[in-house]
Structures are given as structure tokens and as C-alpha cells.
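The values are calculated or read from the model by the stated rules, or taken from the named source; none is laboratory data. Bear in mind the structure is a predicted one, so any value in this text is a computation, not a measurement. Cβ sites come from the backbone with ideal geometry, for glycine too, and all protein chains shown count toward neighbours.
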Amino acid sequence: MISIRIPSVISRLLRRDRASGQAVRFLVVGLLNTAVDLGAFYLLTLIPGMPDIAAKTMSYILGICNSFVWNKYWTFGAKSSGRTGREFGLFFLVNLPPLIVNIVVFSLLGLWTTSGTFAAREGKAFIAAAVAVIWNFLGSRYLAFRHTALSSRKNDSAETDSVAGGVEEKAVESKALETDKNA
């Protein structure tokens, strides 16, 4: 019988020192950001006279701010980098194209579905937010937080090299022992 310990599986999935762990953490943060974006969008649309596009722009920017905090401190572990202002600037620049894509997709969906119902507006907002996820992860990992996100790659390759080297050494030792036995 195979026994799986859920906490160890989850902790392995969330390892910050691996790209896969960062991607899982980024996905969790992305879900939280989507909730912030959609919730703020809903609340902003309750303001009389608030255009949907203005509400979507503001809600997405609130999501960017939320995302920065969670990704800096939890996803990429850059809490003591001393580069918060620079990181936020890069993070915001990385998120500008998705913001634009988000607004364009939201607007185009508005042309396709003119329904002003809650479900239609939130659906458009959700689809628009979903379009930007891959860009955001790659931009965050390789631009905004590269100094911490990519430092694990050096450690990973060093570990791989030392493991591979150890395996090669053992194979050479085994062949030498076999040669001695046969001689």
C-alpha cells in the first residue's frame, strides 16, 4: 500500500528554490489577485457613474499592488533584498502590458456581449485577467525578482553536477574493482 503524506507533497510543491515551486506559489498568488481584482471591480462598479473600463483599470492596479507584496515576500523570497523601490518599478512595468491586454480584452468582450449583468461584467473581467497570467509569471521571474528567483538555478545545476560527478566516480570505481577481480 502506498502512503502519501499530504504535508510533504504540498511542501515539495511550494519549494521556493525550484521554478516549479515558484510557479505553484505564483498561481496561488494569482488566484488571490483575481479575487482582489474581481472584488474591487464589483465594488467600484457600484459607484454611480463609474465607467466599467475605469473600474477595471483601478481594480487591476489594486491586484498588481497585492501581487507585488505576495510575490516579493512569499513566491520569490526577496524580503531583505533592499531593492523594494526598484523591484516595484520593474514589477509594475512587467504588469503594464498585461494591464493593457486586460483592458483591451475586457473592451473587446464588451463589444461581443453588451449585457450589463453582474455575471457578464465579472465574466469579462475574469477572462481578461486570465489572459495575462503567463506573461506575469515570466516577467516576474526573469525581470523583477531575477536576483532571487534565479539564484536557485545555480544551486540546482551545482547539485546536479556534483550528483552526476559522484555517479561517474562510483561507476569508475566499480569498473576498477571488476578489472582487479578479473585480473
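At-a-glance table
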quantity: SER80, sole failed condition from (1) at pLDDT 90 or above; (2) not in a helix (DSSP H, G or I); calculated: (1)
quantity: Qualifying residue in the stretch 44-66 (condition: within 28 Å of LEU14 (Cβ to Cβ), out of contact with any helix residue (DSSP H, G or I) (no Cβ under 8 Å at 6 or more places or on another chain) and surrounded by fewer than 22 Cβ atoms within 10 Å (Cβ to Cβ)); calculated: yes
quantity: Selection count, the stretch 71-100, where residues are surrounded by fewer than 16 Cβ atoms within 10 Å (Cβ to Cβ) and among the basic types (Lys, Arg); calculated: 2
quantity: Every residue from the stretch 105-121 that is closer than 17 Å to ASP37 by Cα, without any contact (Cβ under 8 Å) to a residue 12 or more places away in the chain and loosely packed, with under 14 Cβ neighbours inside 10 Å; calculated: ALA119
quantity: In the stretch 1-51, residue modelled with the highest pLDDT [restricted to those that are of a type in the set (D, E, K, R) and outside any loop (DSSP other than H, G, I, E, B)]; calculated: ASP37
quantity: Pairs, first farther than 15 Å from ILE61 by Cβ and touching a residue at least 40 places away in the same chain (Cβ under 8 Å) in the stretch 39-50, second part of a helix (DSSP H, G or I) and of a type in the set (Gly, Ala, Ser), C-beta under 8 Å, six or more apart; calculated: THR45/ALA55
quantity: Residue list for the stretch 79-104, filter: within 15 Å of ASP52 (Cα to Cα) and touching a Lys or Arg at 6+ places or on another chain (Cβ under 8 Å); calculated: ASN102, ILE103
quantity: Number of positions in the stretch 122-134 that are closer than 11 Å to PRO98 by Cα, surrounded by 14 or more Cβ atoms within 10 Å (Cβ to Cβ) and without any contact (Cβ under 8 Å) to a residue 40 or more places away in the chain; calculated: 2
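Let's see how each residue does on (1) modelled with pLDDT of 75 or more; (2) hydrophobic (A, V, I, L, M, F, W, C); (3) assigned to a helix (DSSP H, G or I):
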| site | (1), (2), (3) |
| --- | --- |
| PHE91 | yes, yes, yes |
| PRO98 | yes, no, yes |
| VAL104 | yes, yes, yes |
| SER107 | yes, no, yes |
| SER115 | no, no, no |
| ARG121 | yes, no, yes |
